[in-house]
Amino acid sequence: MRGSMMNFPLTVNHVFERAGQLFADREISSRRPDRTVQRYTYADFCRRARRLASAVQRIGLRHGDRVATLMWNHSAHLEAYFGVPLAGGVLHTLNLRLHPDEIAFIANHADDRYLIVDDVLLPIFEKFRGKTNFERVIVVPFGACGAAIEHQNYEDLLASGSEDFSPAADADENDAAAMCFTSGTTGQSKGVVYSHRALVLHSFALALPDVMNLSTHSVVFPVSPMFHANAWGLPWACVMIGTALVFPGPCLDAETLLDTMTTEGVTHACAVPTVWLGVQAALEKEPERWKFSSPVTILCGGMAPPISLIRNLDRANLRITHGWGMTETAPVATVGSLKAKMAAWPADRKLERRAMQGTPVPFVEMRIMRPEGEAPHDGKTPGEVEIRGPWIASSYFNCPDQQHRWSKDGWFRTGDIATMDAEGYLEIVDRSKDLIKSGGEWISSVDLENTLMGHAAVREAAVIGVPHPKWQERPLAVVVLKEGAAAEPEELRAFLSQKFAKWQLPDAFVFASELPHTSVGKLLKMKLREQYAAWDWKTLDQVR
């Protein structure tokens, strides 16, 4: 016997139509490069997205064609997020922080037909322009400097479209709506294609109380780039729910972020820990300048936030919720929310739990796999995280040589090493390539880093394994101190020894002015391993 419910397609078209009908007066603001703020409503957004959909069809967009964007976070990018799939196309966000050659490779691999680019980013485009074959380049006058003469002005393109455009009512929920490429930290970037159905279901999960707790009363500040990991799903979820949106544009310094959060009444934000470490430093420097009378929910991902960061931002009423996921998981897969029974736990124990990657969100299933089979949920036995669910990728775009990333029974092999406890909480131990093997024993670089960042003098830290003549590898810590702070290697070693055994402690410390990060703020250990590959353990140099 089958159910008698309607076969109603889960498409972003319906998300869009609902937003226009119910939230027409809700505000969307965008900070421009000159730091002025442009404001308009959902009604304006819907009219312009319809015009965009109509216009790209008129210039020849076919079903399934890719339209690339090279843009900051602002309202026109949101218009593209919806206008392109409404027209039957696939939105493909390009990472503006990558090397021009890599951007060209990604655009060519995706077979992008059109490019929508911010005028202020034309200098980046010019660096790879000759290596791509875009049929048309559309320039958004975001920086008020006007479009280049040889390219089409975005506003002119919209003027050629119709506000009466209606998306196809029979769109297939399994059709592609968007595409994003992985960060390439473990090799060549690979494309992930999101279906309408995946985006809609992910939006429901993201809005849940134990995830981001979104409602039409929310004022959401998407600091994480819209070109990174499906913009963490926020454009789709926020439009579905009808939240107010506050886009930061290119103004991402800590002071401006804090100014925006206070003046705009932000209730929810998202960004990687690197951003919030900068916010923490600004708050420490000027503690009376910014005040938050109500808690701000912060979805923090990309890498594990240190417990010290969670604790310090709690004091400012900025409450970090740790989420874990990947481009391949759309991206939210787990969230470190506390269960009801944990409310009575001591504060430090609750902080430790919140720093974990957390429990899978509904409809996401996970297992921890070892060569001999699935690991027990004892919080101690590590293995590789494998994952499946309705918004988890089942393949990469045109990469048949990458099918080994999926198990024979269809689970995605993440490459992350983790434990899971009896409560179902995931804790990432490391990336498989970042674990340090010393004398046959494994050392977690993540645990050492997070503990180091709890030291009062440490702003950021990275721990890598470097070759050792006796022990195979030994830990080397690269430390960035806070402005005006001082610390000696022995002081940091003694601090770590409160939690770690002697054999787990770094044998040497390097003091650096900054650490390398990926284009989206993740710690780039590959660069550090290259830099210190020839480390001389005989001299144990400690460089300042």
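Every number here is computed from the coordinates shown, using simple stated rules; none is lab data. Please read all numbers here as calculations on a predicted model, not as lab measurements. Please note: Cβ atoms are built from the backbone with ideal geometry, for glycine as well, and neighbour counts cover all protein chains shown.
What the phi angles of the range 39-56 give under the Karplus curve with 6.51, -1.76 and 1.60, with θ = phi - 60°, is a coupling list of 10, 7, 10, 4, 4, 5, 4, 5, 4, 6, 5, 5, 4, 4, 4, 4, 5, 5 Hz, glycine and proline written as x. Residue-wise HN-Hα couplings along the range 164-177, as the Karplus relation 6.51 cos²θ - 1.76 cosθ + 1.60 with θ = phi - 60° gives them from phi, are 8, 4, 10, x, 4, 6, 9, 4, 7, 5, 8, 5, 5, 10 Hz; Gly and Pro carry x. Calculated mean residue ellipticity, 222 nm, the chain: -8000 deg cm²/dmol, from DSSP H runs (n ≥ 4) at -39500 (n - 2.57) each, averaged per residue and rounded to 500. Partner lysines whose Cα lies under 21 Å from the Cα of residue 408, excluding those fewer than 8 positions away in the same chain, are identified as 190. Each of 237, 345, 220 was placed along the dipole of the range 12-418 (beta-carbon charges, centred on the mean Cα), and the one lying farthest toward the positive end is 345. Simple spin-label estimate for residue 317 and residue 472 gives 5.2 nm between the two label positions (7 Å along the Cα-to-Cβ direction from each Cα). When you filter the GluC sites (Glu not before Pro) in the range 94-203 for DSSP loop state and at most 10 other Cβ atoms inside 10 Å of their Cβ, you are left with 150. For the chain, the longest principal axis of the C-alpha atoms and the axis of helix 75-86 are separated by about 70°.
Of the trypsin sites (Lys or Arg not before Pro) found in the range 413-519, the ones in coil according to DSSP and having at most 10 other Cβ atoms within 10 Å of their Cβ are 470. Under the simplified labelling scheme, the residue 378-residue 62 pair shows an inter-label distance of 5.8 nm, with each label point 7 Å from Cα along Cα→Cβ. Judged by the ratio a/c of the largest to the smallest principal axis of the C-alpha gyration tensor, the range 387-495 counts as prolate, that ratio being 1.5 or greater while a/b is larger than b/c. Where both partners of a DSSP beta bridge lie in the chain, what percent of those bridges are antiparallel, to the nearest 5? Expressed as a percentage, antiparallel bridges in the chain total about 55. The mean sequence separation of alpha-carbon pairs under 8 Å and at least six residues apart, normalised by the residue count of the chain, gives a relative contact order of 11 percent.
Put simply, the amide H of residue 302, placed in the peptide plane, has neighbours under 5 Å in 325, leaving out anything fewer than 5 places away on its chain. Residues whose amide H comes within less than 5 Å of that of residue 247, counting only those at least five positions distant or on another chain, are 29, 30, 31 (H built at 1.01 Å from N in the peptide plane).
Here residue 470 is the anchor, and the aspartates and glutamates within straight C-alpha reach of less than 15 Å, apart from those fewer than 8 places off in the same chain, are 441, 507, 536.
Reported to the nearest whole Å, the Cα centre-to-centre distance from the range 360-412 to the range 218-284 is 30. Evaluating 6.51 cos²θ - 1.76 cosθ + 1.60 at θ = phi - 60° for every residue in the range 491-499, the Karplus couplings come out as 5, 5, 5, 5, 4, 5, 5, 5, 10 Hz, glycine and proline recorded as x. The charge dipole of the chain, taken about its Cα centre with unit charges on the Cβ of Lys, Arg, Asp and Glu (plus for the first two, minus for the last two), comes to roughly 480 debye.
Spacing of the modelled spin labels on residue 6 and residue 499, each 7 Å from Cα toward Cβ, amounts to 5.3 nm.
Straight Cα distances below 16 angstrom link residue 482 to the lysines 285, with same-chain residues fewer than 8 positions distant left out. In a DSSP loop and with at most 13 other Cβ atoms within 10 Å, the trypsin sites (Lys or Arg not before Pro) in the range 243-309 are 289, 291. Computed about its Cα centre, the charge dipole of the range 434-531 is approximately 200 debye, with only Lys, Arg, Asp and Glu carrying charge at their Cβ.
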